[in-house]
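Comments concern the structure below.
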Amino acid sequence: MKSFKQFYTEGLWANINAKKKRGGKSASKGSKAYKAAKKAGDKLEATKESVNENFKDGKKKGKSRPGRVKKSGASCNGSVASLRKKAKNSGGEKGKMYHWCANMKGGKKKK
């Protein structure tokens, strides 16, 4: 496997940095160069997503933990306003779960 220095001195990033130094403009969206770079970047992102990270505690990044609401002692029963009030008065994991329930009931999307 190549080291960071090798990646930086040869290949895509070397070309990008060299172009920046000489004041060149980046490729326009319709050009072949842009499409090729976009395809390569998407391929890199896909490989990043496919890697399962194993942390010391055994948890995997991005995996949901079913039953968090029940385990924390929170309940999703009630109106959005009552859940927000409970979240304000509760702290820690229980407060997070009340906020989560309120967001799910209110139909709010992630930004």
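We did not get these values from a lab; they are worked out from the coordinates using the rules stated. For clarity, every value in this text was computed on a predicted model and none was experimentally measured. Positions of Cβ are backbone-derived with ideal geometry, glycine not excepted, and every protein chain shown enters the neighbour counts.
Multiplying the sequence separation of residue 22 and residue 89 by 0.36 nm and subtracting their Cα-Cα distance, what value in nm do you get?
Here the segment from residue 22 to residue 89 would lengthen by 18.3 nm.
Karplus couplings for region 27-43 from phi (6.51 cos²θ - 1.76 cosθ + 1.60, θ = phi - 60°), rounded to Hz, Gly and Pro as x?
5, 6, 4, x, 6, 5, 5, 5, 4, 5, 5, 5, 4, 5, x, 5, 5
Which peptide among 96-102, 40-46, 72-78 comes first, and what is the full order, when sorted by highest mean count of other Cβ atoms within 10 Å?
Sorting 96-102, 40-46, 72-78 by mean packing, highest first, produces 96-102, 72-78, 40-46.
With each label point set 7 Å from Cα along the Cα-Cβ vector, what nm distance links residue 79 and residue 29?
In this crude spin-label approximation the distance works out to 4.4 nm.
Taking the Cα-to-Cβ direction at residue 13 and at residue 39 and moving 7 Å from each Cα, how far apart do the two end points lie in nm?
Once both label points are built, they end up 2.3 nm from each other.
Per residue of region 79-84, what does 6.51 cos²θ - 1.76 cosθ + 1.60 with θ = phi - 60° give for ³J(HN,Hα)? Whole Hz please, x for Gly and Pro, Karplus curve as stated.
Once rounded to whole Hz, the list reads 7, 4, 5, 5, 5, 5.
Which whole-Hz couplings ³J(HN,Hα) result when phi for each residue of region 88-104 is put into the Karplus expression 6.51 cos²θ - 1.76 cosθ + 1.60, θ = phi - 60°, listed in order with x for Gly and Pro?
3J(HN,Hα) across region 88-104, in whole Hz: 5, 7, 9, x, x, 5, 5, x, 4, 5, 5, 4, 4, 4, 4, 5, 5.
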